[in-house]
1. Against the condition surrounded by 15 or more Cβ atoms within 10 Å (Cβ to Cβ) and either touching a helix residue (DSSP H, G or I) at 6+ places or on another chain (Cβ under 7 Å) or assigned to a helix (DSSP H, G or I) (or both), how does residue 118 come out, does it pass?
2. What do you reckon, is residue 112 touching a residue at least 12 places away in the same chain (Cβ under 8 Å) and touching a Phe, Trp or Tyr at 6+ places or on another chain (Cβ under 8 Å)?
3. Kindly provide the set of residues from the range 6-37 that are of a type outside the set (A, V, I, L, M) and either in contact with a Pro (Cβ under 9 Å, 6 or more places away or on another chain) or free of Cβ contacts under 8 Å to residues at least 12 places away in the same chain (or both), ordered by number.
4. Can you find a residue in the range 69-90 that is touching a residue at least 24 places away in the same chain (Cβ under 8 Å) and over 23 Å from residue 115 (Cα atoms)?
5. Does residue 127 fit the bill of being assigned to a helix (DSSP H, G or I) and under 12 Å from the mean Cα position of the chain (by Cα)?
6. Does residue 60 count as buried (at least 18 other Cβ atoms within 10 Å of the Cβ), of a type in the set (A, V, I, L, M, F, W, C) and closer than 24 Å to residue 125 by Cα?
Amino acid sequence: MTILPITLCAVAAAAAINIWLSMRIGMVRSAKKISIGDGGDADLVCRMRAQANFIENTPIVLVMIAVIELARTGNPFLTGVTALYMLGRVAHGIGMDGGKLGSLRAVGTLITMLTLLGLGVWAVSIALDM
């Protein structure tokens, strides 16, 4: 049986972040009494987009983490990249609220793009090395 501890931790972190992003949406919905859709509310739209962006990017990152871990078991660099990606997604979610922490959105976006690029290049290099 193959166990992928980095991937398992990444999936658990992703689930927790997704719950957190969902709760942030629920807080705005509750405070502004918007049950369905976005009601044209900019705060709600931003929080909904933060979660949607997470859902758009995270599955491919998790797949790449898993296949790289299968090929390069126990790689500490993969653990670091995984942790950085999750922190970047939290930063993006906070940054989507704007205000003085709005710059975290760009930080989270940059981390996400670099993670996708880096993991993609790493995956190809493993395939070419085999």
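Please treat every number below as a calculation from the coordinates, not as lab data. Since the structure is predicted, the reported quantities are computational estimates derived from the model, not experimental observations. Cβ placement follows ideal geometry from the backbone for every residue including glycine, while neighbour counts extend to all protein chains displayed.
1. Taking the combined requirement at face value, the residue satisfies it.
2. yes
3. 26, 30, 33, 35, 37, listed by residue number.
4. no
5. no
6. no
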